[in-house]
Structure formats: C-alpha cells, structure tokens
Amino acid sequence: MNGFFNINKPAGMSSAAVVGVMKRLTGEKRVGHAGTLDPEAAGVLPIMVGRATRLFDYLVDKRKEYETVCAFGFATDTQDATGEVTERGENYPSIDRVREETEKLTGDIIQKPSMYSAIKVGGKPLYVRARKGETVDVPERTVRIDGIDVIGEEAEHGVRMRVRCGKGTYIRSVCDDLGKLCGCPAHMRSLTRIRSGYFVISEAMDLDTARELAAAGTLGDQLIPMDAPLGAMMRTQVPEELRKAVAAGAKLAAARLSGDIPEEDGVSRIYLGDEFWGIAMREGENMVWRAQMPPEEYEKYE
C-alpha cells in the first residue's frame, strides 16, 4: 500500500497508538502520521502508508480547523481539563464579550504553549519534562489564526468555537489566553480537529471501520492516492520521450517540460501522462528529484 488514510482518532488515544493499529491492519512497516493530535483530542489524523511517508515535508496545505469548547471558571497547569487547577474565578463573560475578545486572537499572534505541550526543548518533549517535575522556560512562538467563530454557549460556562489556523497552533493556549482577555480563568474542555489540510472529518474513517474493512480484505479501497493532498503544489508535465530518464531518476531539463515550471529552489509535482512520479526541485536549468514515487511497475528503479 502507498497512500493515505484519513482516520478519525478517538479521544484518549495517542497518535502513535493509531499508527500502531494501522501498521497491524495494513501489514506495512512504513506507516506514520502527518501531524500529531494530542491524546485528549479527537478528529482528523492523516496516516501515511508506504512511499507516502516521504511526502510529509511536501504536504504544503497546512491549514488546520478545530472545534473546541472553552470553559470559563478555572484555569489549569495543562490548559485543558486534565490538569491541576491553578486559578478560579466567577466573572463569567457574556457570549458577546467572548466574540469581542476573540478578535484580538486572530492574525499573527505570539503564543506561549503549556509546559505540557509536545514542543521539544533540548531534544525532549515539554510534557515529558513536566511529568518529571522539571521546570523549563517555555519558548514563545508566532502562530497564525485565520479566524475564530463563536458557535454558541455550552453547559457549565462553556463556549463552543471553531478555530481556523496554521500549523503549530495550540488551541488549549487559545482558550487560556481568551480567559485572560475576558477576565475569567478558562481552559480547553474538549477538542476535535475537523480539518488537516486536504483531509476533512466528514470523510474520515474510525478505527472500528478500518478493522472491519481489513478483516474483509477491502481496507485498501479506502487508500487515498499519494498526490491527492498535494493539489496546492505546482504540477509539471514530462513528455513521453523522457520516460526512460524519469524512470532512471535522471535530472530533467526544465526547457523540455510543460505545465508549471517553478523558479529556482521551487518544488513541483512531476507527472508523465496521468502518472504521478513524485516531487522535484528546480536547480538552475534542471528539475532534480527530491521524492521519487514511480508507478508500481517501475519500483525497481527506486
């Protein structure tokens, strides 16, 4: 198998555990996920299988979309519902006040993630250091939030929101910051990722379904082609007379190609006819392979 599965990860399960399940179901050794989702969170987790694992760096569409419940009344050390309470308050904001303050959290913002995030400092995830009782100065980072839609009120002073953002954004930190802006401590009660680039939750498959399909021998029917998530990337066409050069992994003269031709250091999807052959980068007058994905009959050339 070479391609992607769009998995709807259940809350309470780590992304690595989902990868383990898919390894067993597919029988493939090369399986990974395209972007960690916290164990407490649910939702879209793209799974890369076989040669698709080489495409992680080229999944250019890094847009993320989450649905979360921000609960007012107390903050925690983990910024979510699993942590120890660090502050309480009863100055509960109105939903109009919440909408007003979310506008201050859009655009390019500075975010300081929780000590319990997966960010690595000194080669170790912060949550590992936190659980050992270590104290580390958590680095601030610039993240992009394209929009926050306040959907409605939830029980026990919760507010449901939809957040559209770029990679590396911590929604739990958004909830914590929102509490500070509203003058009432807050934390993230729940989180569901509903989009990760090309992959959307309406098309995601749960693990029980994956197990049933694997048992029936039809799991491969759900495999998403390797080039499907790369639609935002340039597409370069190679003429048929260069088939042998393509199969051999040779450099390709840009002047002999058609379609989108990137500038220096730009990358593009390479096609011969309708066959996707991988990713190449423009170097001078040539396109040089960075991730070659020959069709099955040409795998001997890898």
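The values are calculated or read from the model by the stated rules, or taken from the named source; none is laboratory data. What you see is a predicted model; the values in this text were computed from it and never measured. Glycine gets a Cβ as well: all are built from the backbone with ideal geometry, and neighbour counts include every protein chain shown.
Brief remarks follow.
- Tally, over region 106-128, of residues that are more than 14 Å from Gln79 (Cβ to Cβ) and either aliphatic (A, V, I, L, M) or at pLDDT 75 or above (or both): 7
- Of all the numbered requirements in (1) part of a strand (DSSP E or B); (2) crowded, with 21+ Cβ neighbours inside 10 Å; (3) over 21 Å from the mean Cα position of the chain (by Cα), Thr102 misses one, and that requirement is (1).
- Of all residues in region 48-85, those satisfying the criterion of being in a strand (DSSP E or B) and in contact with a Pro (Cβ under 8 Å, 6 or more places away or on another chain) are Phe72, Phe74, Ala75.
- Considering Ala228, Ala215, Ala248, the condition of being touching a residue at least 40 places away in the same chain (Cβ under 8 Å) and either within 30 Å of Ala11 (Cβ to Cβ) or under 29 Å from the mean Cα position of the chain (by Cα) (or both) is satisfied by Ala228 alone.
- Filtered residue count, region 41-51, keeping only those that are within 19 Å of Arg195 (Cβ to Cβ) and in contact (Cβ under 8 Å) with a residue 60 or more places away in the chain: 6
- Any hit, region 126-139, residues being closer than 19 Å to Lys167 by Cβ, touching a helix residue (DSSP H, G or I) at 6+ places or on another chain (Cβ under 8 Å) and of a type in the set (A, V, I, L, M): yes
- Test: residue in region 118-129 that is crowded, with 18+ Cβ neighbours inside 10 Å and either in contact (Cβ under 8 Å) with a residue 40 or more places away in the chain or aromatic (Phe, Trp, Tyr) (or both): no
- Output for region 70-84, where each listed residue is in contact with a Ser or Thr (Cβ under 6 Å, 6 or more places away or on another chain) and among the hydrophobic types (A, V, I, L, M, F, W, C): Ala75
- Count of region 39-74 residues which are modelled with pLDDT under 95 and of a type outside the set (A, V, I, L, M): 13
- Check on Asp265, within 29 Å of Tyr198 (Cβ to Cβ), out of contact with any His (no Cβ under 7 Å at 6 or more places or on another chain), among the acidic types (Asp, Glu) and surrounded by 13 or more Cβ atoms within 10 Å (Cβ to Cβ): no
- Test result for Ala255, in contact with a strand residue (DSSP E or B) (Cβ under 8 Å, 6 or more places away or on another chain) and of a type in the set (A, V, I, L, M): no
- Flag for Asp108 being in the same structural domain as Leu191 (by TED's automatic domain parsing), without any contact (Cβ under 8 Å) to a residue 12 or more places away in the chain and not in a loop (DSSP other than H, G, I, E, B): no
- Pair list, Cβ < 9 Å and 6+ apart or interchain, from region 197-211 residues that are among the acidic types (Asp, Glu) to residues that are assigned to a loop (DSSP other than H, G, I, E, B): Asp206/Pro10
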